[in-house]
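Please read the structure below before turning to the comments.
Quick note: the coordinates plus some simple rules give every number you see, no bench work behind them. The structure presented is a predicted model; accordingly, all values stated were derived computationally and were not measured. We place every Cβ from the backbone using ideal geometry, glycine too, and count neighbours over all the protein chains shown.
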Amino acid sequence: MEKITKIINYWIFKPVSSESKYFYIRCKVETLDNVNWFVGYKNSFGLVSSVGGDLSDSEVQILEKEYQKEISKILS
């Protein structure tokens with residue numbers, strides 16, 4: 001028997017639009033360096049569900065830049 005534990009951190013960053021129930025979500029596996037972005041929502045189980053397809057590289061770059069700016073404000 002083998003047990004594999006993967007800890008994933010999610011940040012529900014900002015709504016896709018002012019009237020949307022979907023958010024841009026940042027996702028990072030604790031032991032890896034890469035970060036993923038997707039559109040999703042917090043479901044009834046308190047977990048994160050994704051909707052739609054992959055975001056474009058340009059969208060990801062913009063979101064990561066905004067995220068880093070917000071984090072630096074919080075940590076200052």
Filter the stretch 28-52 for residues that are loosely packed, with under 12 Cβ neighbours inside 10 Å, of a type in the set (G, A, S) and over 17 Å from S17 (Cα atoms) and give the result.
S44, G46
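Here's the yes/no breakdown for (1) free of Cβ contacts under 8 Å to residues at least 12 places away in the same chain; (2) farther than 30 Å from I4 by Cβ; (3) out of contact with any Ser or Thr (no Cβ under 7 Å at 6 or more places or on another chain); (4) assigned to a loop (DSSP other than H, G, I, E, B):
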| position | (1), (2), (3), (4) |
| --- | --- |
| S17 | yes, yes, yes, yes |
| Y24 | no, no, yes, no |
| G40 | no, no, no, no |
| S44 | yes, no, yes, yes |
| S49 | yes, no, yes, no |
| V60 | no, no, yes, no |
| L63 | no, no, yes, no |
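Name every residue in the stretch 26-38 that is in a loop (DSSP other than H, G, I, E, B) and polar (S, T, N, Q), in order of residue number.
Residues of the stretch 26-38 in a loop (DSSP other than H, G, I, E, B): 30-35.
Listed by number, the residues that qualify are T31, N34.
Looking at I12, I8, I4, which is the one that is free of Cβ contacts under 8 Å to residues at least 12 places away in the same chain, loosely packed, with under 15 Cβ neighbours inside 10 Å and of a type in the set (A, V, I, L, M, F, W, C)? Before the answer, list the steps.
On the way: I12 fails: free of Cβ contacts under 8 Å to residues at least 12 places away in the same chain; I8 fails: free of Cβ contacts under 8 Å to residues at least 12 places away in the same chain.
So the residue among I12, I8, I4 that is free of Cβ contacts under 8 Å to residues at least 12 places away in the same chain, loosely packed, with under 15 Cβ neighbours inside 10 Å and of a type in the set (A, V, I, L, M, F, W, C) is I4.
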